[in-house]
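Worksheet: the structure to be examined is printed underneath.
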Amino acid sequence: MKNKNYSAAHAKFLKRNRVRGILINVTRFGLLALVFALWEICAQTELIDPFITSSPSRIAATAAQLYRDGDLFYHIGITLMETLAGFAIAVIVGYAVAVLLYMSDSIRKVFEPYIVVLNSLPKIALGPLIIIWMGTGYTAIIFMTVIVAIIVCIMNTLTGFLSVDKTMLTLMKAMGASKRATLVKLIIPASLPTLINTLKVAVGLSWIGSIMGEYIVSRAGLGYLIVYGGQVFKLDLVMTATIILCILAGGMYGIIALIEKKLTR
């Protein structure tokens with residue numbers, strides 16, 4: 001659609017971009033539909049064992065049964081609460097720690113090696129300790145989510161701070177700006193793309209952390225359904241919970257992508 005504020009070439013460029021975006025979305029969802037269709041066909045014709053791999057129709061039936069029993073949204077709500085709480089804490093605390101490390105070179109040089117070591121530590125190994133420290137409730141699972149995501153949040157955010165254009169930093173110093181003023185006026189705005197990327201990474205890590213926590217200690221949640229389904233060989237339940245996790249993680253990532261689009265417009 002033409003706009004009097006755009007030249008003909010610019011309008012054509014915008015239209016081409018819109019068409020390209022539509023084609024990408026159609027291809028994306030078409031590919032997903034094709035995968036599910038082939039999965040269903042292979043299960044129905046027993047090219048694959050539906051007991052082991054389940055099928056879209058069996059997953060839909062299992063989800064419907066969970067809904068009728070009143071368990072579907074209960075378990076979704078538990079896992080979503082744990083993930084969102086852990087995500088928020090990891091991002092906020094991680095950002096604050098990154099600011100502190102940026103503001104003090106001495107503190108950064110002291111703690112940076114420890115942060116790297118903590119990031120490489122297998123978090124699942126802390127499971128027994130977390131149970132002892134936090135008990136067997138939601139707190140333990142949220143804590144697991146935080147420790148999985150927070151180190152990456154700190155490191156990515158700090159890297160964004162330190163990669164700001166050196167010429168701009170020199171200009172701020174030449175104008176007599178303090179380090180605090182430089183942080184507020186230059187570093188934070190300039191590192192916004194890094195923050196968005198950090199949020200995207202933290203989404204995935206938060207889901208990993210919450211499900212990992214539910215594997216270790218839980219009485220409810222999608223991770224609990226996966227563990228329970230595996231123990232009693234209800235693989236339809238395992239696949240149903242897994243597909244729901246994929247949908248929730250994709251939706252959360254989509255929200256971050258919308259925020260990115262709005263902020264970078």
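Coordinate-derived values only; no laboratory data. Since this is a predicted model, take the numbers as computed values, not measurements. Backbone-built Cβ (ideal geometry, glycine too); neighbour counts: all protein chains shown.
The table that follows gives values for the structure above.
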read-out: Options TYR95, TYR114: the member that is loosely packed, with under 11 Cβ neighbours inside 10 Å and aromatic (Phe, Trp, Tyr); value: TYR114
read-out: Those residues of the range 132-146 which are in contact (Cβ under 8 Å) with a residue 24 or more places away in the chain and surrounded by 15 or more Cβ atoms within 10 Å (Cβ to Cβ), in sequence order; value: TYR138, ALA140, ILE141, ILE142, PHE143, MET144, THR145, VAL146
read-out: Helices (runs of 4 or more DSSP H) contained in the range 103-208 and holding at least 1 residues under 24 Å from ILE244 (Cα atoms); value: 138-162
read-out: Enumeration of residues in the range 80-126 that are closer than 19 Å to ILE211 by Cα, more than 21 Å from the chain's Cα centre (by Cα) and of a type in the set (Val, Ile, Thr); value: none
read-out: Counted residues, the range 157-184 - those being among the hydroxyl-bearing types (Ser, Thr, Tyr) and farther than 21 Å from LEU195 by Cβ; value: 3
